[in-house]
1. With A:253, A:208 as the choices, which residue is under 22 Å from residue A:299 (Cβ atoms) and at pLDDT below 95?
2. If I ask for residues that are within 14 Å of chain A (Cβ to nearest Cβ), free of Cβ contacts under 8 Å to residues at least 24 places away in the same chain and either in a helix (DSSP H, G or I) or β-branched (Val, Ile, Thr) (or both), which ones from the stretch B:86-114 would you list?
3. Scan the stretch A:255-307 residue by residue and report those that are of a type in the set (Ser, Thr, Tyr), closer than 22 Å to residue A:224 by Cα and open to solvent by 10 Å² or more (accessible area, probe 1.4 Å).
4. Is it true that residue B:248 is away from every other protein chain (no Cβ under 14 Å), surrounded by 21 or more Cβ atoms within 10 Å (Cβ to Cβ), more than 16 Å from the chain's Cα centre (by Cα) and within 30 Å of residue A:102 (Cα to Cα)?
5. Residues that are within 14 Å of another protein chain (Cβ to nearest Cβ), among the aromatic types (Phe, Trp, Tyr) and surrounded by fewer than 17 Cβ atoms within 10 Å (Cβ to Cβ): does the stretch A:383-396 have at least one?
6. Of the residues B:263, B:219, B:243, B:227, which single one is within 17 Å of residue B:26 (Cα to Cα) and in contact with a helix residue (DSSP H, G or I) (Cβ under 8 Å, 6 or more places away or on another chain)?
7. What number goes with the only condition from (1) part of a helix (DSSP H, G or I); (2) within 14 Å of chain B (Cβ to nearest Cβ); (3) of a type in the set (A, V, I, L, M, F, W, C) that residue A:370 does not pass?
8. Look through the stretch A:368-389, keep the residues that are in contact with a helix residue (DSSP H, G or I) (Cβ under 8 Å, 6 or more places away or on another chain) and modelled with pLDDT under 90, and return whichever of them is nearest to residue A:304 (Cα to Cα).
Amino acid sequence: MDDWDNTDLFSGSTQAEREDLTRRQLLERGGLALAFLGAGPFLAACGGKKSAAPTVTSNGTPKAPNASGQIAFISWQGYDAPKAMASWKKAHHVTLKATYMGNHDEIQTKILAARGSHSFDLITYAQAYKPLYKELNILTPIDENKIPNLKNLIPFFASDYKNFWVDADGTRTGVPLNWGYVALAYDSDAIKQPQTYRDLLDPSLKGKIGMPDDLIGVAQLGAHVLGIDITKMSKADFGEVKDFLRKMIAQTKGVSPTYGDLASRFAAGDVVAAFCGWPPIDQLAAGAGKKTIKTYLPKDGGVGYCDSMAIPTHARNTDTVHAWINATLEPKLAAQIDDSLGTATPVKPAIPLLTKDLQAAYPWNSLDGFFKKAPLYALAPFKSDKYVTWSDVVAAWQQLKAGG
Amino acid sequence: MSLPAAAALLLLLTVPLATFALYSVLTAGLFSVSGPLTLENYRAALGSSLNHTLATNSLVVGVATALISLALGLPIAYWLRFAAGRWQQFVLFLVVASMFASYLVRIYAWRTILGDNGVINRALEGLGLTSQPLGFLIFSRAAVVIALVHILLPYVILVLFAGFRPMPVAILESAQDLGANSLTRWRRIILPLMAAPAVTAFLFVFVLSAGDYVTPQFLGGTRGSMLGVQVQASFIEAGNWPLGAATGFVMLTGFLLCYGLALFALRLTRLDRVRWS
């Protein structure tokens with residue numbers, strides 16, 4: 001089990017209290033947010049006047065601009081925080097026209113398909129995509145003076161770590177929205193807790209292992225388990241990773257197209273453990289009546305991720321987008337957003353406001369150590385004579401999924 | 001009158017096809033295309049062993065789905081036309097209403113029926129006929145075919161019912177009066193007259209099922225993946241638009257070839273000329 005200690009953050013509440021109190025809440029909120037389809041914010045009125053409000057107060061401190069009008073948004077369902085942001089939207093007369101994606105790659109595909117004209121005003125990106133988005137030049141700088149709540153970020157997420165959110169020249173392109181990890185998930189009702197991922201290759205588990213069709217998570221995790229950095233992977237390394245994943249896929253009856261599907265398979269008892277599990281599926285499975293699913297970091301670790309808000313090129317109404325981003329860093333709103341998603345917040349003052357289960361689920365006090373066990377990786381390079389490229393990884397994944 | 005429709009068809013079909021035809025011979029960039037023109041994408045699409053496997057899967061699933069749908073749809077459509085009587089409108093309504101159910105919901109329904117802990121396996125174990133779940137029921141080509149037949153059967157029934165509709169009952173009654181039994185009436189009258197609608201229904205189901213990329217992901221497992229999934233991956237995940245376009249055009253060529261072969265077969269057997277009057 002995870003051995004992080006969060007006692008100083010949660011003084012006064014016992015582990016039992018946390019579990020008793022919050023599992024139901026988390027289930028209700030997390031499950032609902034991910035389960036309901038298409039309650040789409042077709043609220044959209046048009047228009048979106050640009051505000052020319054000053055972004056720095058007379059004493060020099062940053063100030064969020066005035067917000068109004070429409071924001072065109074694309075991301076995962078639930079990242080638009082329909083419940084948490086409802087009051088803010090009403091108060092500022094802002095409408096959010098949300099497009100939910102089924103695959104992260106839809107973001108760049110749709111932005112590029114607009115061919116230099118307006119597509120979206122606000123997106124999110126996983127840190128792994130930052131080098132690609134930089135290469136494609138589809139992000140615009142974020143004005144930190146318009147987001148005073150950046151001060152609320154946990155120092156790790158306020159930093160320029162690997163230039164995932166802040167470029168080497170200090171230009172900010174992303175503001176962390178949530179973070180987490182993918183690792184090993186298992187059903188404690190069905191099997192003993194596996195110590196390493198290799199335990200999943202046991203012949204007795206044939207046909208009982210799940211795996212999501214999350215190319216990035218699976219590829220990064222497959223490499224990480226073998227001690228390989230996917231961004232610097234030689235052909236020999238790649239061969240090892242493919243062999244390992246081939247064996248793992250052979251343990252499954254098929255790759256789940258989504259994490260929700262993986263949760264369904266757990267709930268139905270079709271799988272008892274998963275390579276590349278994700279903590280929110282624990283809650284989804286619990287919502288379906290299977291309360292014994294647990295995602296955790298085994299001895300060989302896991303892979304971290306951080307999803308950030310960003311402004312794409314040719315965005316409109318950017319003052320309102322800045323104001324939106326600023327609002328999501330308000331502690332109360334940030335806690336509500338992460339409660340609904342079952343993810344971890346990057347907003348420090350929001351941590352004590354999270355459900356007790358969510359507070360206990362992440363190592364808030366030792367993020368540096370945690371991200372050594374579950375590193376944040378980029379994608380494999382897109383062009384390289386020395387290392388395996390992302391295209392190679394994609395092609396191999398298709399082959400592996402088809403049993404090749 | 002038909003000019004606006006023709007213009008819409010030209011715009012909505014020809015322009016996207018022409019765009020992708022152009023993409024398929026351009027050089028791949030990172031989520032982009034550029035010159036010079038090249039046939040390398042077609043070489044990659046046709047030379048990939050993975051594509052060969054997936055194309056075979058697509059062909060098998062497409063043909064199986066179309067044949068089973070036809071075998072089920074033909075008697076149902078016949079019954080609707082000649083025997084349903086006052087039930088005809090109600091059953092037709094049910095056939096149409098079944099298409100309103102979400103595609104994904106129907107796929108998940110089959111998951112709960114075919115899964116290791118699904119209805120069939122539990123029933124078999126409950127009856128003592130099996131001691132452990134029949135694993136081949138789900139995450140296989142068979143599972144994909146079963147779900148696709150369920151999804152596409154209403155279309156087949158409607159196409160075949162439209163084919164039966166102008167058929168006068170008197171012709172079948174005359175044949176019966178002249179001594180033709182049920183088998184003879186089907187062999188000598190119904191099947192020749194229904195050949196063209198049946199081929200239409202077959203091709204309709206074949207193209208939709210062989211090109212599907214959603215059902216195989218949910219029910220196909222590692223053995224039931226299909227070529228459409230590869231087209232999607234080339235466009236969305238790899239950002240290799242020319243390869244995705246070339247693979248798509250290879251599929252389109254395959255479908256057109258099937259269409260041409262079906263028409264040729266109809267003409268060769270002169271079944272395309274069979275009319276009621």
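1. Step by step, each of A:253, A:208 is checked, and only A:208 is under 22 Å from residue A:299 (Cβ atoms) and at pLDDT below 95.
2. B:105, B:109, B:112, B:113
3. So the first thing to find is which residues in the stretch A:255-307 are of a type in the set (Ser, Thr, Tyr), and the list is A:256, A:258-259, A:264, A:292, A:295-296, A:305.
After this cut, where a residue has to be closer than 22 Å to residue A:224 by Cα as well, the list is A:256, A:258-259, A:295-296, A:305.
Within the stretch A:255-307, A:258, A:259, A:305 qualify.
4. Yes: the conditions hold for residue B:248.
5. Looking for residues that are within 14 Å of another protein chain (Cβ to nearest Cβ), among the aromatic types (Phe, Trp, Tyr) and surrounded by fewer than 17 Cβ atoms within 10 Å (Cβ to Cβ), one finds none in the stretch A:383-396, hence no.
6. B:243
7. Status for residue A:370: all satisfied but (2).
8. A:368
The values are calculated or read from the model by the stated rules, or taken from the named source; none is laboratory data. The structure displayed is predicted, hence computed values, not measured ones. Positions of Cβ are backbone-derived with ideal geometry, glycine not excepted, and every protein chain shown enters the neighbour counts. Quick note on the areas: whole protein, heavy atoms, side chains included, nothing else; ligands and nucleic acids left out. Shrake-Rupley method; radii C 1.70, N 1.55, O 1.52, S 1.80 Å.
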